[in-house]
1. Do we have Ile532 as touching a Pro at 6+ places or on another chain (Cβ under 7 Å), over 30 Å from Gly441 (Cα atoms) and not in a helix (DSSP H, G or I) here?
2. Restricting attention to region 205-217, report how many residues are in a helix (DSSP H, G or I) and out of contact with any Gly (no Cβ under 8 Å at 6 or more places or on another chain).
3. What are the residues in region 443-454 that are within 17 Å of Ala500 (Cβ to Cβ) and assigned to a loop (DSSP other than H, G, I, E, B), if any?
4. Residues of region 300-326 being in a loop (DSSP other than H, G, I, E, B) and open to solvent by 10 Å² or more (accessible area, probe 1.4 Å), which ones?
5. Show the residue pairs meeting these rules: Cβ distance below 8 Å; 6+ apart or different chains; first residue within region 427-443 and closer than 30 Å to Gln307 by Cα; second residue open to solvent by less than 30 Å² (accessible area, probe 1.4 Å) and assigned to a strand (DSSP E or B).
6. Give all pairs with beta carbons closer than 8 Å in which a residue from region 654-674 that is of a type in the set (Ser, Thr, Tyr) meets a residue that is open to solvent by 60 Å² or more (accessible area, probe 1.4 Å) and assigned to a loop (DSSP other than H, G, I, E, B); count only pairs at least 6 apart in sequence or on separate chains.
7. Wholly within region 46-153, which helices (runs of 4 or more DSSP H) include no fewer than the required count, namely at least 3 residues that are open to solvent by 10 Å² or more (accessible area, probe 1.4 Å) and farther than 30 Å from Ala388 by Cα?
Amino acid sequence: MHRILFLFLTVFFIASAEAAEVRSPEEYLGFPIGADRKLADYNEVMGYLDELAAGSPWVETETIGTTTLGRPFIMAVLSTPDNLSNLSRYKEISRKLADPRGLPAGEAEQLIKEGKTFVLITCNLHSTEIASAQAALELAYEIASGENDMARNALEETVLFLIPSLNPDGLQMVVDWYEKWVGTEYEGCEMPWLYHHYVGHDNNRDWFMVNLAETRAVFEVYFDTVIPHVVLDMHQMWSTGARLFLPQFYPPANVNVDPILYREIGLLGYAMQLECEERDLAGVISDAYFTAYWEGTSMMTPWWHNQVGLLSEAASCRVATPVYIDEVELEGGSKGFPRYEHRINFPNPWPGGWWRLRDIVDYELAIADGLLDCCARHNERFLRNFYAMGARAVAQGKNEPPYGFVIPAPQDDPVTAARMIEALMLGGVEVHEAVKDFMIGNRLYRAGSYVIRLDQPYRAYAKDLLEVQEYPDIRASEKEDFVRPYDVTGWTLPMQMGIACEEIDEPFEAELRLLENYPYAEHALPRENENIWGFALDPRINASYAAAFALLENGHTVLRADEELALGEDALPAGALLVQSRKGLTDDARALSRDLHAIFHPVTGESAAAARRLKPVKTALFKPWRASMDEGWTRYLFDTHLVPYENVTNEQIKEGEIGDYDALVLADISPDIIKKGEWTGEYARFSRPMPPDYEGGIEDEGVENIKKFVAGGGT
């Protein structure tokens, strides 16, 4: 009797937990998801997902990092309560399958049968592409409440990781700006500043250098804490073409991507397309617009890690304001889609009409369901291929050239070399250091050289970032127009960063040590010494300039050597930076040595004779009223290299308030920065009048003031 009662209570409590009531997004927000002119901001997105996690055993939330402006960067995890309780085990399985070395095929097969496919959906990387952040709340609610049987059934074999915004700072900014003008003639107008503090739209061009806080946080999810097997990155595009792009992609393809992966992309892309057609969602296109070539976007970087990366691009409305698109406005004119018409890759044209935020949400919910369903149906297949692609990469690295890359020691700029290696290691690449000198053919490499062997699971990633790209010519004949790339065509890190790196095309042996930490040089910290004049910084090392700026800011005397600087048996080239001893120098130098990895060399008075004193330069960086990624990247460069500067605005330049500066940096001098003109934003066809606080360009008077600034000795 007690046993029967215990079983009854157990089933009762489980059923109660499964049926736990949670508020809908509409009840939480006060409006339905996708309603015209209504948006959830990032604080509301966080709050709602946390509420679901507190009320449903199907949802958990976690913080994966901190944004550039200091906000919590969150991710939701959704699956069956049983899967979530065993999540650490499934993560362990994913890590083991990611590296087939030392994992026998029999054991791998057991793990494949036990494991779950990890699906990561990322939203709202570009902050004006806002529908996916809204759809994420409805998707999570449908799973938590039990209203979505398709997704719930799929989650028996999958775990969904959901990042509602890849740029939380930008989501908050865009919603605040949009709501400021709702109900006015300026409703839906373009925000005049970058929606990522530094790089705006270019936050989707950072996925190989890993500069930004947000990119680094997601890299940790990609390649360390989760290792998803499938990633879908939801975006929006222009308004007058197809309603939705889904893979397959348009040629060319990158030769370093495993062919299995391209086939899996096709399988999942067409599964999502089928789900849209079954829901009578017209206007879905594939095999068009977007190419499958370049490294560096959030959804493509996984390709070189044996992970499926998928892109969706929905047609945009005006943030949350509906747009009406007449059928005569619908157009093709792009790769794989020369005219807006029925085609094999576009079998159900959308006829035109009103296009709303809710429409985008409907498409995105459909593809999320289709994706999860297909992953669940092929759970073991995706895990088996994930393991097999890693094994194939290891075998290729052992049996065919190139066999590796060597970054020879010494490097002119060891700090920048270490930064390059850091970027590789953040992406999961194994890097070794030579313990002893070694030979490859007739070439001697010194101990301390860094070696990237290519017999590792992420071979493709290392190879793609270190070799020289040659963009493929896919024309049938030279009579045809060259097929222009969609985006970047070169990302060879050694070339970009000025690092010597040699490709190894023959098998080699060397005594190597696996790097556990980023290889910033360990060197003796500066110490008090009454017998020295001061310290010198090598001008070939980028970090030296950051250190010099910091020392100037702290009131130290910094000089620059006109000639080669003798340092005992060694020497620094002309241009070496010198700092003279004074109170506090040693403490400042020690801190900069730790924080910047700057290398301070002791200098005698005789060595410092032929040098010129540097003075601080009061620098102005022009920040136009209209968002400029060039200005943002320059600001990022200045901030990370400790360059002192002040932003100056259109009005300051037009009023001539720049005379007190020594240097004026114009990172962006495009025509619409100079002249006030029509708004030509991302969705110009549906743009609104410029808001009343629009400052325009610097105009003729600003140009004249810049000329006067230069004539008066300014740089």
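The values are calculated or read from the model by the stated rules, or taken from the named source; none is laboratory data. Because the structure is predicted, anything quoted here is derived from the model rather than measured. Cβ: placed from backbone, ideal geometry, glycine included. Neighbour counts: every protein chain shown. Protein only, heavy atoms only, side chains kept; ligands, DNA and RNA dropped before computing areas. Shrake-Rupley method; radii C 1.70, N 1.55, O 1.52, S 1.80 Å.
1. yes
2. 1
3. Within region 443-454, the subset within 17 Å of Ala500 (Cβ to Cβ) is 443-452.
Hits for region 443-454 are Arg446, Ala447, Gly448, Ser449.
4. Asn306, Val319, Pro322, Asp326
5. Listed pairs, sorted by first residue: Val429/Ile452; Glu430/Ile452; Val431/Val451; Val431/Ile452; His432/Val451; His432/Ile452; Glu433/Val451.
6. Partner pairs satisfying both residue conditions: Tyr661/Lys618.
7. Hits in region 46-153: 131-145.
Conditions (1) open to solvent by 50 Å² or more (accessible area, probe 1.4 Å); (2) under 30 Å from Leu577 (Cα atoms); (3) modelled with pLDDT of 75 or more; (4) not basic (Lys, Arg), marked per residue:
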{"site": "Lys615", "(1), (2), (3), (4)": "yes, yes, yes, no"}
{"site": "Ala620", "(1), (2), (3), (4)": "no, yes, yes, yes"}
{"site": "Arg626", "(1), (2), (3), (4)": "no, no, yes, no"}
{"site": "Thr649", "(1), (2), (3), (4)": "yes, no, yes, yes"}
{"site": "Glu657", "(1), (2), (3), (4)": "yes, no, yes, yes"}
{"site": "Ile669", "(1), (2), (3), (4)": "yes, no, yes, yes"}
{"site": "Pro691", "(1), (2), (3), (4)": "no, no, yes, yes"}
{"site": "Asp700", "(1), (2), (3), (4)": "yes, no, yes, yes"}
